[in-house]
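Okay, structure first, notes after.
The values are calculated or read from the model by the stated rules, or taken from the named source; none is laboratory data. Computed from a prediction, not measured in an experiment: that's the story for all the values here. Neighbour counts are summed over all protein chains in view; Cβ atoms, including those assigned to glycine, are modelled from backbone coordinates with ideal geometry. All accessible areas refer to the heavy atoms of the entire protein, side chains included, with ligands and DNA or RNA removed. Shrake-Rupley method; radii C 1.70, N 1.55, O 1.52, S 1.80 Å.
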Amino acid sequence: MMKHIRNAKRAAGAALGLVMAVSLTACGSGSSDGTKGTEGGDGGGSGEQITLRVATFNEFGYKKAGLYDEYMAANPNVKIEEVLAAKAEEASANLKTGLAAGSGLADIEAIEGDWLTEFIQSADKFTDLSDSSLDGRWAEYITAPATSDGQLIGYATDTGPEAVCYRQDLFAEAGLPTDRDEVAKLLAGDWDRYFEVGKDFVANSDKAWFDSAGANYQAMVNQLANPYEEDDNTPKDLATNSDIKALYEQVAGASTTDGLSAHLGQWSADWTSAFQNGAFATMLCPAWMLPIIEGNAAGVEGWNVADVFPGGGGNWGGSYLTVPAQGKHAEEAKKLAAWLTAPEQTAKVFAEVGNFPSQIEAQKSDEVTSKVNPFFNDAPVGQIFAERAAAITTTTHKGPNYAAIHKTVQDALNRVDIEQSQSIEDGWTQSISDFNNLGL
C-alpha cells in the first residue's frame, strides 16, 4: 500500500468529494476510478486549491496535446506547473539530489526506464502507485522493472518497441528489395539472418550495413532474460557468461570481420552528420527514434520502416511517472499521474508527438494504429509498432549492477568498432579485467 498517506479528510469534505466523483462519472465517459476518459477524476476531493508540479525532460507531449489544460478544466482546484529539464541527465541528477535531501522535488518526477535499476533501490522514497483498478493496463515487461517487493514506483508513459529503419534507395542500388513488406520478409529470422543480408548488401555497395555495433549489442542484450544478474541480483561472472560472450563476438565480428559497420557511436557528432551522407543502410529503431532520424536526415529521401526485428521482438527505452513520497499532495499527484498515463491520453500524445504508448489498450486503438509517417514514405508506423510491441516476449532483469557490467562490454565494443584500437579477443579480455575491477 501507499508509503506516504495524507491525513484523513474531514467527513464533510469526504462526502463532497464522493458527490463530485459520482457526478463526474455520470456525465462523462471515464471509468469509476476517475483515471480514464477526459474528466480526469477528482484531483483533490477536499476542494482546496493545490498546485501540482510535473518535472519532465525532452518531449513528453502533455502540453502539446493539451492534456494539462484538459485536466485543470475538469479539476478547477488543481493548477499544474511543468518543470522542464534541459537534458535528461539534468533531470536524473536533480532527482538523485532531491531524494537524498528529502525535499525539493516536484510532485511528479519523470524518469527514463534505464534509470530504474538505480532508483528502484530507493523504492521507499517513492509513493506506492499500486492500484488494482489499473491491472492489465501494461504488459509485464513494462511493470516488472518498476516493481520492488510488490511496490510499483512508476506509471509507464511510452515504450520503445523496435523495428528496422532502412534506406530504400540504398537497398535499390545494391539490388535488394525496397518495399517494406518485402524487406520484412527478407530480414525475418534471427541475428544471423540480419548480418547475412548485410553481407549481401556490402558486397554490392560502398555503404555500411548498420550504424553502430554498440546499438546492435544493446538490442541483443534486451532480448535476454538475465544478461548479467540472476533474479536475486547475484552478478554473473563475465568470464564464464557464455550468452554475453556469444553476443559480443557475433556483433564484433559483423563489424570488423564482415565489414558491416559504419563504426559510429550513437549520439556522437559523426553519427548525427552521417544521416546526411547516407553512410549506412539500416539501423535498429525503437519508436522514439523516428523523430530523431527525421531531424538528422532532414531533406533526405528514401527512409522507410519495416515491420521486422532480428530475433523477434525487442524493447529499448520508455519512461515512467513517479510520485516522490516527500510531496505534500501525493494522493492528488498519483491521480494525475494515473490520468496522464491512461490509454486515452497516451493515444493523444502519440498522435501529437509520436511517443508510442506503453498501454495495451492504447496500442490497439484506431487513433494509434491508423497513424502514418510521411517522412518514412508514409509508413503505417502506428500499426508497425503495435505489431512490434505485441512481439515482445522477454522481461529483461536489470538489477543494481546491470549498468556497470554492461558498460564493461560496451566499452570493449567501442574499442573494437569505433576506435578500432583492439582486436575482438583483446577487447573481450579487457572487459573481463574491467569487470573484475568492479569487485562484485
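Residues of region 388-440 that are touching a residue at least 12 places away in the same chain (Cβ under 8 Å) and among the β-branched types (Val, Ile, Thr): Ile392, Thr393, Thr394, Thr395, Thr396, Ile405, Thr408, Val409, Val416, Ile418, Ile424, Ile432.
With respect to (1) surrounded by 21 or more Cβ atoms within 10 Å (Cβ to Cβ); (2) in contact with a helix residue (DSSP H, G or I) (Cβ under 8 Å, 6 or more places away or on another chain); (3) not aliphatic (A, V, I, L, M), the lone exception for Gly313 is condition (1). Select from region 162-204 the residues that are without any contact (Cβ under 8 Å) to a residue 60 or more places away in the chain and among the aliphatic types (A, V, I, L, M) and write down the one among them that is most open to solvent (accessible area, probe 1.4 Å). The qualifying residue most open to solvent (accessible area, probe 1.4 Å) is Ala203.
Counting only helices (runs of 4 or more DSSP H) that fall entirely inside region 347-440 and contain at least 3 residues that are closer than 19 Å to Thr143 by Cα, the qualifying elements are 360-363, 381-390. Residues that are in contact with a Leu (Cβ under 9 Å, 6 or more places away or on another chain) and open to solvent by 30 Å² or more (accessible area, probe 1.4 Å) within region 369-396 comprise Phe375, Thr394, listed in sequence order. Scanning region 162-203 for residues that are under 19 Å from Asp378 (Cα atoms) and in a loop (DSSP other than H, G, I, E, B) yields Pro177, Thr178, Asp179. When you look at Ser358, is it among the polar types (S, T, N, Q) and open to solvent by 10 Å² or more (accessible area, probe 1.4 Å), yes or no? Taking the combined requirement at face value, the residue does not satisfy it. Would you check if Ala274 is hydrophobic (A, V, I, L, M, F, W, C) and more than 30 Å from Gly427 (Cβ to Cβ)? No: the conditions fail for Ala274.
For region 132-161, give me each residue that is assigned to a strand (DSSP E or B) and either of a type outside the set (Asp, Glu) or open to solvent by less than 10 Å² (accessible area, probe 1.4 Å) (or both). Let's see the steps before the verdict.
Kept after step one, since they are assigned to a strand (DSSP E or B), are these residues of region 132-161: 138, 147-148, 151-152, 155-161.
Result: Trp138, Thr147, Ser148, Gln151, Leu152, Tyr155, Ala156, Thr157, Thr159, Gly160, Pro161.
Would you check which residues across region 49-72 are open to solvent by 80 Å² or more (accessible area, probe 1.4 Å) and closer than 16 Å to Ala333 by Cα and list them?
Gln49, Arg53, Asp69
Among the residues of region 224-253, those identified as closer than 19 Å to Ser421 by Cβ and surrounded by 18 or more Cβ atoms within 10 Å (Cβ to Cβ) are Tyr248, Val251, Ala252. One residue is enough: does region 399-415 have a residue meeting the conditions open to solvent by less than 30 Å² (accessible area, probe 1.4 Å) and more than 22 Å from Ser212 (Cβ to Cβ)? Checking region 399-415: at least one residue is open to solvent by less than 30 Å² (accessible area, probe 1.4 Å) and more than 22 Å from Ser212 (Cβ to Cβ).
Counting only residues that are in a helix (DSSP H, G or I) and aliphatic (A, V, I, L, M), which one in region 254-275 is surrounded by the fewest Cβ atoms within 10 Å (Cβ to Cβ)?
Checking each candidate, the answer is Ala269.
Please indicate, with yes or no, whether at least one residue in region 344-352 is in contact with a helix residue (DSSP H, G or I) (Cβ under 8 Å, 6 or more places away or on another chain), open to solvent by 20 Å² or more (accessible area, probe 1.4 Å), more than 18 Å from Ala219 (Cα to Cα) and at pLDDT 95 or above.
Yes, the conditions are met somewhere in region 344-352.
Inside region 73-98, can you point out the residues that are part of a helix (DSSP H, G or I) and either β-branched (Val, Ile, Thr) or buried (at least 17 other Cβ atoms within 10 Å of the Cβ) (or both)? Within region 73-98, Ala74, Ala88, Ala91, Ser92, Asn94, Leu95, Thr97, Gly98 qualify.
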